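Q: Have a look at this one.
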Amino acid sequence: MEYEISLLTIMGISIIGALSLNLIVGFCGQISLGHAAFLGIGAYTSAILTKAGIPFFIAIVAGMLLSGVFGLIVGFASLRVKEDFLAITTMGVAFLFMGIIRKQEVLGGEMGIAMIPGSGLGKFGYMLLVMLLAGALILFSIYLKNSWMGFTFNAVSADENTANLIGINVANYKLIAFVLGTAFAGLAGALYAHNIRFIDPESFGFIESITILSMVVIGGMGSVWGVTIAAVLLSIFPMWFQFIEDYKLLVYGGLLCLIMIFSPEGLSGISEKIYAGVRGKRSDASS
Amino acid sequence: MNFRTAIRGLLFGTLMAAVAITATAAETIKIGVNVPLTGFAASDGTSALNGAKLAVKQLNDAGGINGKKLELVIYDDQASPKQSVPIATKLIEKDKVVVGVSCSYSGATRAAAGIYQEAKTPYISAYAIHPDITRTGNYVFRTSFVGEVQGRAGAKLAGEILNKKRAVLITLNNDFGKSLVAGFKEKANKYGITILNEYPYSIKDRQFGPIIARVKADNPDVIYATGYFFTAGPLVSQLRAAGVKATIIGQEGFDTQTFIKIAGPASEGVIITTSLDRGSKSAETKHFIEQYEQMFNHKTDMVAASGHTAIKVAAAAIQAAGSTDRAAVRDAIAKTDLVAATGTISFNSLGEVIKDVQVQIVKNGEFRHYAVISDAALLAPPAQ
Amino acid sequence: MLFFDLLVQGLIQGGIYSLIAIGLTLVYGLLRILHVSHAGLYTLGGYIALLVTNLTGSFTLGMIVSMVGVGLAGMVIYRLIYQPILNKPPFVALIASIGMFIAMEEIYRIIFGPYGITFVDPPLQGTFTVANIYLRHSEIAAIVLAVSLITALSLFTRYTRIGIAWRATVTDPEMAQSFGVDVIKVRYLNFFIGSAMAAGAGGMVALLNNLVEPTMGSVPSYKALAIIVLGGLGNVKGTVIAALIIGISEAFGTIYLGDFLDRDSIAFALLILVLMFKPTGLFVRG
């Protein structure tokens, strides 16, 4: 069962990571190409603290907080720069964070940080914890989406200027979205650190940011269950495609491309089409 | 053919197939391999895996191990710790491998080592260099040099054998480069070497103009350059084109024919520390080099030799243990005294390999024997 | 002397960056798409140039075939990938482009192998030496190529009918269309020219390194994005200047800031700094 447990744990962590980006990108419409760096902050913080003897749960929370703080800083940047500029800025911020970590020996440098302590819960217990947290975030996302904050995010995402006109403090909401999104990213990162027990700057690089973003886009931006399913599928994609070994990455790239061309709204878009089709048939049948 | 006969036939056939499958299954000894076959590390991964495959072929052609054939269970980990961990769990639990071999880089190996240690399954790192890998526990071994050891050999090579005293370090900024340089710096004083300057570069760099400009100003008589063939090739080529005449010392990352192809005539005279002696009189090494070239239509390299050696060590241990009991195999690995393609292999208490350092020089477009460093005190790997 | 050496190296690198970035900014200017797979075309340019040179012995022929071939490939990518999704939100094109790029890198690895390929008989291997300055012939060729292509582009957009029509379309597509400009043709032209220039860069880099690898586009894939943002998205002149600035900053930065920041961070740190003061890049959108 160990193998299945390890897969489920990875899935859970990916769900948290993807949903956290969904808050920023899907709910609030702000583009972020550097999300992995915030997982990195959570991971490094938790790793360093636990290695210094601080208890697991406190370290995880510390990771979340620090990520949120950095997220706030980046959030301020999002007030200055817009859209595509913001996308590249977030990408740049991620490179900068990781670039600095690479050079600081005290943060592990290129070698990374090894022998990160476990959670003390055992493999099964850890998986349960991760699943619980993932479930909690799913519920929170749904709640948020249907709350007044969610509606406001939606307004900001759809049309900033109009939102401003009707009295919404757009800036504040953007910041809130960034802080929430990055804090949860920090959580995902910390959980990752104690799962794999080894982290290095490469684990939180540009490629990782793109992977998380593709989970959000393929799931259907804003759709909680869509993003969750996409996270589940894409996180264990390498494992269930092992049999095509050599062509794995090619298939992955091709799929990303094809899904965007044929179903840009992602999984939630596909399901909506099917649903509409079914309803169409039903109403045809009844008339 | 009536219905009942058909059913009976089907059942019989299935039964035979099941017997055949279980019989075949019972006949192989499985060694698990995690290796980067896609992604940025694909070239090293492909080489290492090829070396491993050659080893399996050689062993199976000679009758297998303990009467059974060897089988490699191979998974692509893209040199990513995130993937090597579930792969390790799968190999141990589902594929029930006797031993695991890592043909991957340090990050992935380090992460997987923890899994193997916890599951009390032996794990051999073919060429990954992170010192913490063997510190994971007594089930983890490494058949290639720890960076520091090779770096120390480099210092002896530069200062004593080549008698060069003014050095510049061009360091690949990852665990490989940094651990090599740490070893070099550790012993530089002992061999009278003054380090004038050190210049780090990234694994993605191919243009070294700025660094070379500084090196020209430093005017060293030897350059200790760390890197892989795809950085070393351009680096060496550009150094020579800029008029830098200093001797260039590289390491096993240079050890592939592609390095020579890239640098062309500039590669002449480059000296490297490595584990593959192309001038070796050892039958094991000679056969490895010849058969590799035959089987893969490509000249061999250090990484391939490392993969080959790791499999040979695993197989020899399984043979010595006489069983596939993982604990017994682990003990047998610890007692290894084997002649492999990369030299005579034995391990210290930490699981680090003890073997000579080969020094090769590029002459007439090929790597050739130059020297051997067997200074046991100098080359002693860390024991904890 | 050191200063001069670093400056020259920075300009060479900047020149190569500019050839790549121009194509990217052209596509953005016209279609508002971040065309990440452009880096895959750059790599393809390297492969074709090297292979044709190895086959025919002529580097010039290799470069020409490469630039034309990749120009066409760029047009194909527009038709297959971007045209179907032009009216979708920007993410869609971005992710599709990234997927395409990953697929391209993999195709190169599968077809040409992971080790990379080299010239059988590398051309332009000589070095030009004056005083203590060493410039490889290949480096001089790179500068010449970059300057010629950029000048040619500039002349083209100013003095030819097609060029003027193209510039008009980039500035205001609807107006241009009402004047009878075939917008679709302009788009194809856009992709052809941008991709051809990237191929030129690819061929040059193949020459400078004597190595073409499947992953050689990964650094340009994100660095070119930084460059075009710095230059002001869509502004060709700005992009060229930004490319040179980044090339030079990296040359000096890796030496003097190397203990603190790695190479990629230097470019991005610079970008972020500029954006804080000028949120739309150094120059306004062309």
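Q: Per residue, how big is the convex hull around the C-alpha atoms of region B:49-189? Give it to me in cubic angstrom, could you?
A: Numbers: hull volume 19.1 nm³, N = 141.
Given the Cα convex hull of region B:49-189, per-residue volume reads 136 Å³.
Q: Extending each Cα 7 Å along its Cβ direction at residue B:366 and residue B:57, get the distance between those two points in nm, one decimal.
A: Placing both labels 7 Å beyond Cα along the Cβ direction yields 2.1 nm.
Q: Over all residues in C:82-93, what is the mean tally of Cβ atoms on other chains that come within 10 Å of each residue's Cβ?
A: Per residue, the average neighbour count from other chains is 4.
Q: For peptide C:105-116, compute the average count of partner chain beta-carbon atoms within 10 Å of each residue's beta-carbon.
A: Average per residue, whole number: 6.
Q: Percent of alpha carbon pairs in region C:215-286 separated by more than 18 Å?
A: The share of Cα pairs beyond 18 Å in region C:215-286 comes to 36 percent.
Q: Tell me which aspartates and glutamates have Cα within less than 15 Å of residue B:216's Cα, excluding those fewer than 8 residues away on the same chain?
A: B:198, C:5
Q: What is region C:1-127 by shape, rounded, prolate or oblate, if you read a ≥ b ≥ c off the alpha carbon gyration tensor as root eigenvalues and call it rounded for a/c under 1.5, prolate for a/b larger than b/c, and oblate otherwise?
A: Oblate, since a/c reaches 1.5 and b/c is not below a/b.
Q: Can you give the FRET efficiency to the nearest 0.05 for residue B:325 and residue C:61, using r as the Cβ-Cβ distance and R₀ = 45 Å?
A: On the way: r = 64 Å, r/R0 = 1.42.
Efficiency, from the Cβ-Cβ distance: 0.10.
Q: So, one more: Taking the radius of gyration and the Kirkwood hydrodynamic radius from Cα positions alone, what is the Rg/Rh ratio for chain B, to two decimal places?
A: Working: Rg = 22.6 Å, Rh = 21.5 Å.
Ratio of gyration radius to Kirkwood radius: 1.05.
Q: Between residue A:54 and residue B:120, with labels modelled 7 Å along Cα→Cβ, what's the label distance in nm to one decimal, could you check?
A: So the two model labels end up 3.6 nm from each other.
Q: Which of the pairs B:204/B:281; B:69/B:363; C:88/C:237 have their Cα atoms more than 32 Å apart in this structure?
A: Details: B:204/B:281 38 Å; B:69/B:363 40 Å; C:88/C:237 29 Å.
Too far apart for the 32 Å limit: B:204/B:281; B:69/B:363.
Q: So, one more: Can you give me the pair-distance distribution of region C:136-286, C-alpha pairs, 10 Å bins, whole percents?
A: Histogramming region C:136-286 at 10 Å steps yields 10, 32, 36, 18, 4, 0 percent.
Q: Using a Cα distance threshold of under 28 Å, what count of lysine pairs results for chain A when pairs must be 8 or more residues apart or interchain?
A: 7
Q: Which residue, A:217, A:69, A:227, tops the fluctuation ranking in a GNM of chain A built on C-alpha contacts under 10 Å?
A: Maximum fluctuation in the GNM of chain A, among the listed residues, is at A:69.
Q: Kirkwood hydrodynamic radius of region C:152-197 from all distinct Cα pairs, in Å?
A: Answer for region C:152-197: a Kirkwood hydrodynamic radius of 10.5 Å.
Q: In nm, to one decimal, how far is the residue B:189 label point from the residue B:383 one, both placed 7 Å along Cα→Cβ?
A: Those two pseudo-labels are separated by 2.3 nm.
Q: Oh, and also: Averaged across A:109-120, how many Cβ atoms of other chains sit within 10 Å of each residue's Cβ atom? Each step should come with its number before you reach the end.
A: Working: counts 4, 14, 12, 8, 1, 13, 5, 2, 0, 2, 0, 0.
Averaged over the peptide's residues, the number is 5.
Q: Hey, another quick one. Tell me the mean residue ellipticity at 222 nm calculated for the protein assembly as shown from its helices only (DSSP H runs of n ≥ 4, each -39500 (n - 2.57), averaged over every residue, nearest 500). Spell out each step's value before the answer.
A: Working: 38 runs with 600 residues, N = 957.
That comes out to -20500 deg cm²/dmol.
Q: Okay, moving on. Say R0 is 51 Å: what FRET efficiency, to the nearest 0.05, do residue B:337 and residue B:163 get from their beta-carbon distance?
A: Using R0 = 51 Å, I get an efficiency of 0.90.
Q: Taking Cα pairs under 8 Å and at least six residues apart, what relative contact order does chain A come out at, in percent?
A: Relative CO of chain A lands at 35 percent.
Q: Measuring from the lowest to the highest alpha carbon on each principal axis, how far does region B:115-158 reach, largest first, in angstroms?
A: 43, 15, 12
Q: For residue C:79 and residue C:140 in one chain, what is 0.36 nm times their gap in residues minus the Cα-Cα distance, to one decimal in nm?
A: Roughly 18.4 nm would be gained on extension.
Q: Once the cut-off is 24 Å, how many percent of the Cα-Cα pairs in chain C end up in the long-distance tail?
A: Cα-Cα pairs of chain C separated by over 24 Å account for 50 percent.
Q: If you average 1/r across every pair of different Cα atoms in region A:2-240 and take the reciprocal, what Kirkwood value do you get, in Å?
A: About 17.6 Å for region A:2-240.
Q: Based only on other Cβ atoms within 10 Å, what is the fewest-to-most ordering of A:204, A:57?
A: Placing the least packed residue first, the sequence is A:57, A:204.
Q: Where in region C:250-286 does the label zone of residue C:172 land, with the point 7 angstrom along Cα→C-beta and an amide N cut-off under 17 Å?
A: Once the point is set 7 Å along Cα→Cβ of residue C:172, C:285-286 turn out to lie under 17 Å by backbone N, inside region C:250-286.
Q: Size of region C:70-137 along its principal axes in angstrom, Cα-based, largest extent first?
A: Principal axes ranked by extent give 57, 29, 21 Å for the Cα atoms.
Q: Take region A:1-44, drop everything but the C-alpha atoms, weight them equally and run the Debye formula without solvent; then report log10 I(q)/I(0) at 0.24 Å⁻¹ to two decimals.
A: Reported log10 I(q)/I(0), two decimals: -0.85.
Q: Hey, could you grab the Kirkwood Rh for the protein assembly as shown? Inverse mean 1/r over distinct alpha carbon pairs, Å, one decimal.
A: Details: mean 1/r = 0.0342 Å⁻¹.
Over the protein assembly as shown, the inverse of the mean reciprocal pair distance is 29.3 Å.
Q: Which order do the peptides B:372-379, B:245-252 come out in when sorted by mean C-beta neighbours inside 10 angstrom, highest first?
A: B:245-252, B:372-379
Rule-based calculations on the coordinates, nothing more; no lab input. Computed from a predicted model, the values in this text were never measured in an experiment. Counting neighbours? That spans all protein chains shown, and the Cβs are built from the backbone with ideal geometry, glycine included.
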